[in-house]
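This report refers to the structure that appears directly beneath it.
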Amino acid sequence: MLKFKVTILGSGSAVPTRDRNPTAQLINLHNTYILADCAEGTQLCLRENSIRLQKVDYILISHLHGDHFYGLPGLISTLHLLGRSKPITIFGPPGLEKAVMGMVEISRSNLRYPLRFVETQTEHKELIIEHSTFEIYSFPLLHKVPTTGFLFEEKPKKRLYRPEIGEDFGIPHYWIDRIKQGQDYIDEEGNRILNRLLTKDPEPPKSYAFCTDTAYYPKIATFIQDVDVIYHEASFLVEDKKRALETRHSTSQDAAQIAMLCNARKLVIGHFSARYNNLQPFLEEAKPFFNNVVLAYDGMVINV
Ligand SMILES: [Zn+2]
């Protein structure tokens, strides 16, 4: 079965702590490796999680606050030193290329591999990566600077062929792929055997949404309706709601309400402010609104 796995590399917010690094995640989507945000220390986090740095194919940056992209110059330089030749594409808000390439150029590094930047926008949901078996979208979030979330979505899978039935009808091998695509079988005499007799339903396509940083923003539900797993920031508890509003972050209760509006299957909350030592209240505040919620931690692996 094709993999769809998320590794949380950093689950903290602005300030790194002993237990939590700032934001970064690695998504293995059918053996394409996508890094979502790249805070300071991300290359070390990849190493600690036994993920080869050269595996990264794409990097997506949500916004230009340091705790989401200050790890980029270091990672770009390390990939060069390790002899990378494979291209890498980085998606992020306007200004990212200038900020990162300024660092690369001032250190006179002539990168050995092609580095390409693609700007994201915060006007509407947009398809940014299309692959034969999945799609990745950016969509607007509500924060102090232009910010996008990212939606990772499998395309509908091929129907599952039932070889025992195929054998009964003497279906030749070269027909099998067409049947998996949904075609009826027609033999040499023109007899038709319906596709639904020869196949069964595949697993429904899965999806994962990365939503950080953002204030409470119900419009998210229109972008990622029926998502399987949503990662949503929960920087604060309700007692610090004022601080959340000022800094355009969410409380745990906000995150739970968004998950409910999205009709999500599971909610993972993270980006906890370093001011809290005990995170249990985050769960207690979320559960009345959305019961299937867990706290993110560094090194957590989510099988979507
Ligand atoms: Zn931010």
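The values are calculated or read from the model by the stated rules, or taken from the named source; none is laboratory data. No experiment lies behind these values; they were computed from the predicted model shown. Here Cβ is always computed from backbone atoms with ideal geometry, including for glycine, and neighbour counts include all displayed protein chains. Just so you know, the surface numbers come from the protein's heavy atoms only, side chains and all, with ligands and any DNA or RNA stripped out. Shrake-Rupley method; radii C 1.70, N 1.55, O 1.52, S 1.80 Å.
Over region 170-227, what is the relative contact order in whole percent, taking alpha-carbon pairs under 8 Å and six or more residues apart?
22
Exactly which trypsin sites (Lys or Arg not before Pro) in region 32-110 are in a DSSP loop and have at most 15 other Cβ atoms within 10 Å? Mind showing how you got there, number by number?
On the way: sites: Arg47, Arg52, Lys55, Arg84, Lys98, Arg108; in loops: Arg52, Arg84, Arg108.
For trypsin sites (Lys or Arg not before Pro) across region 32-110 that sit outside H, G, I, E and B with at most 15 neighbouring Cβ atoms in 10 Å, the list reads Arg52, Arg108.
I'd like the antiparallel share, as a percent to the nearest 5, of DSSP beta bridges with both residues in the chain. Write down the numbers at each step before the final one.
Values: 34 of 60 bridges.
Roughly 55 percent of the DSSP beta bridges within the chain come out antiparallel.
Where the accessible area of the chain is counted over protein heavy atoms with a 1.4 Å probe, how much of it, in %, is carbon and sulfur?
Here it works out to 49 percent.
Looking only at Ser77, Ser13, Ser109, which one moves most when the chain is put into a Gaussian network model with springs between Cα atoms under 10 Å?
Largest GNM mean-square fluctuation: Ser109.
Going by accessible area, probe 1.4 Å, with all protein chains left in place, what is the ranking of Met300, Met103, largest first?
Met103, Met300
With a/c under 1.5 counting as rounded, go ahead and sort region 1-155 into rounded, prolate or oblate using the C-alpha gyration tensor (a ≥ b ≥ c being the square roots of the eigenvalues; past the cut-off, prolate if a/b is larger than b/c, else oblate).
Rounded shape, in that the Cα axes give a/c under 1.5.
For region 160-200, compute Rg over Rh where Rg is the Cα radius of gyration and Rh is the Kirkwood radius from the inverse mean 1/r over Cα pairs.
My calculation of the ratio gives 0.90.
Write down, largest first, the equivalent ellipsoid semi-axes of region 71-156 in whole Å, where each equals the square root of 5 times an eigenvalue of the alpha-carbon gyration tensor.
Each semi-axis is √(5λ); the values are 27, 18, 9 Å.
Just the accessible area for Asp201, please: 1.4 Å probe, Å², rounded to the nearest 10?
110
Excluding ligands, DNA and RNA, what is the solvent-accessible area per residue of the chain at a probe of 1.4 Å, expressed in Å²?
Dividing the accessible area of the chain by its residue count gives 49 Å².
Could you work out how far helix 72-81 tilts from the main Cα principal axis of the chain, as a 0 to 90 degree angle to the nearest 10?
With rounding to tens, the tilt is 60 degrees.
From the gyration tensor of the Cα coordinates in the chain, what semi-axes in whole Å does the equivalent ellipsoid have, largest first, with each one equal to sqrt(5λ)?
Numbers: eigenvalues 296, 135, 54 Å².
Semi-axes, largest first: 38, 26, 16 Å.
Please compute the net charge surrounding Asp187, taking Lys and Arg as +1 and Asp and Glu as -1 over other residues with Cβ under 15 Å from its Cβ.
Net charge in that neighbourhood comes out at -3.
So what's the back-of-envelope 222 nm ellipticity for the chain, counting only DSSP H runs of four-plus at -39500 (n - 2.57) apiece and dividing by all residues, rounded to 500? Mind showing how you got there, number by number?
Working: 11 runs with 76 residues, N = 304.
After summing the helix terms and dividing by residue count, I get -6000 deg cm²/dmol.
For region 133-219, which chymotrypsin sites (Phe, Trp or Tyr not before Pro) pass both filters: DSSP loop (anything but H, G, I, E, B) and at most 14 other C-beta atoms within 10 Å?
Phe169
Can you tell me the relative contact order of the chain? Whole percent, Cα pairs under 8 Å, sequence separation 6 or more.
Over the chain, the number comes to 17 percent.
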